Amino acid sequence: MMKILVYSVRQDELPVLNDWIQKHPDIQVDQTTELFTEDTVEKASGYDGVVLFQQQPYTDKAVNRLNELGVKNISLRNVGVDNINLDLVKQNGMKITNVPVYSPNAIAEHATFLMGRILRRVPEYDKKIARGDLRWAPEIGREIRNQTVGVIGTGHIGRVVINIMKGFGAKVIAYDIFKNPELEKMGLYVDTLDELYAQSDIITLHVPAVADNIHMINEESISKMKDDVVIINVARGSLVDTDALITGLDSKKISGAGLDVYEDEVGVFNADWEGKEFPDKRLKNLMDRDNVIVTPHTAFYTDMAVHNMVTVSIESNIKLINGEEPDTLVK
Ligand code: NAD
């Protein structure tokens with residue numbers, strides 16, 4: 001019988017995982033809550049494939065040991081492949097899949113909610129209401145339909161953001177290095193990022209963190225933006241130079257920011273710091289501001305997305321084991 005081991009299983013994945021297992025009695029899918037490391041790789045001995053998900057790096061040593069154990073099929077339950085050495089995987093003749101699209105709406109909606117909460121000044125009202133102050137002023141809001149929303153990156157997620165923004169009646173402009181023909185027909189694209197910076201009241205990022213995009217939001221790009229700009233980043237932390245963002249917030253050039261990602265988030269997000277010294281001063285600086293909302297990389301975290309991450313990764317792993325080429329294969 002085909003055997004698959006699923007690592008780092010979270011409590012919230014259990015209903016989907018166990019339901020899948022129950023419906024597929026012909027395949028043995030076992031699970032562990034442990035991360036995939038040099039210490040836990042031995043558990044994979046005797047399996048045909050592993051299904052993984054973690055933010056921590058998959059070390060070369062662990063990958064090599066997996067290969068020595070004869071386990072050649074790796075399926076990630078997420079999209080990012082930046083924490084595994086793909087050259088090594090290839091050299092070893094191993095195969096790897098990811099889940100490239102698990103629910104663009106989850107991320108696009110999160111960007112929208114961050115935007116809405118900033119525009120309607122929810123963090124300030126939350127604080128006032130908690131202390132019993134129910135007055136309106138001075139936290140007057142802004143309506144999305146009166147904003148020009150600049151969408152950088154019109155891939156799976158950016159396109160959903162555009163549809164949602166159009167539903168609100170906003171003026172949408174977009175920039176992508178590869179133009180989507182449908183959006184082009186709608187006349188949404190500007191030709192340069194500088195044009196997008198100059199015209200947008202809200203800028204929302206939906207590009208990958210490839211080398212060219214690191215710190216694309218920096219002192220220079222911020223200087224080209226409109227006064228009172230709102231910046232939303234639910235893509236990758238490294239797209240934004242945090243020091244430049246803080247300077248822009250201090251000078252009030254930037255009127256607000258919604259951040260689901262942060263450049264030094266690994267090891268800080270998805271951990272409980274209550275009662276402990278918070279480990280990152282810059283992040284604390286941002287979290288303490290009334291006009292900044294930080295969420296700990298939760299944009300993806302919906303029932304729908306988790307369902308797709310679990311089922312697509314297992315089904316991709318089965319295809320690899322059967323010698324087929326799933327469309328989720330990382331090339
Ligand atoms: P995608 O590959 O479908 O689209 C990305 C788009 O960005 C492409 O159209 C590409 O041409 C464009 N692009 C790349 N570099 C660009 C640049 N310098 N300027 C303009 N356009 C550029 O990706 P996606 O699925 O829409 O994901 C977008 C981002 O969201 C990624 O960074 C991804 O890692 C992130 N993401 C975040 C979460 C979360 O939970 N916060 C979850 C999933 C994905």
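The values are calculated or read from the model by the stated rules, or taken from the named source; none is laboratory data. The structure presented is a predicted model; accordingly, all values stated were derived computationally and were not measured. As a convention, Cβ positions derive from the backbone with ideal geometry for all residues, glycine included, and neighbour counts pool all protein chains shown. In case anyone asks, the SASA skips ligands and DNA or RNA and just uses the protein heavy atoms, side chains included. Shrake-Rupley method; radii C 1.70, N 1.55, O 1.52, S 1.80 Å.
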The lysines whose Cα lies under 22 Å from the Cα of residue 185, excluding any fewer than 8 residues away in the same chain, are 166, 171
1.4 Å probe accessible area per residue over segment 104-294, in Å²: 51
Calculate the spin-label point distance for residue 168 paired with residue 195, positioning each point 7 Å from the Cα along the beta-carbon direction, and give it in nanometres. 2.3
Can you list residues whose amide H is under 5 Å from residue 29's amide H, if they're 5+ apart or on another chain and H is modeled 1.01 Å from N? 4
Which lysines, on any chain, are close to residue 284 with Cα under 25 Å apart, when same-chain ones fewer than 8 places away are left out? 127, 128, 252, 253, 276
Binned at 10 Å starting from 0, the alpha-carbon pair-distance distribution of segment 272-331 in whole percents comes out as 17, 27, 21, 20, 14, 1
What does the extension gain come out to for residue 59 and residue 182, with contour length at 0.36 nm per residue minus their alpha carbon separation? 40.1 nm
Residues meeting the amide H criterion for residue 97 (H placed from the backbone, H to H distance under 5 Å, 5 or more places apart or on another chain) are 74, 75, 76, 330
Can you tell me which aspartates and glutamates have their Cα less than 13 Å from the Cα of residue 90? Leave out same-chain residues fewer than eight positions away. 60
Mean 1/r over all different Cα pairs, inverted: what Kirkwood radius does the chain give, in Å? 21.6
Kirkwood hydrodynamic radius of segment 104-294 from all distinct Cα pairs, in Å? 17.1
Any DSSP H helix in the chain with Cα axial reach of 15 Å or more and mean Kyte-Doolittle score of at least 0.5? Listed by number, the hits are 104-119, 156-168, 303-321
Quick one: if you take sqrt(5λ) for each eigenvalue of the C-alpha gyration tensor of segment 134-238, what semi-axes come out, biggest first, whole angstrom? 23, 18, 13
Highest mean first, what order results for 11-24, 94-107 on Cβ atoms within 10 Å? 94-107, 11-24
Packing-ranked peptide list from 151-159, 115-123, highest mean Cβ count within 10 angstrom first, is 151-159, 115-123
Taking all protein chains in place and a 1.4 Å probe, what share, in percent, of the accessible surface of the chain do carbon and sulfur account for? 51
Mean shadow area (nm²) of the C-alpha convex hull around segment 218-331 is 10.1
May I ask you to order 192-203, 57-68 by the average number of other C-beta atoms within 10 Å around their residues, highest value first? 192-203, 57-68
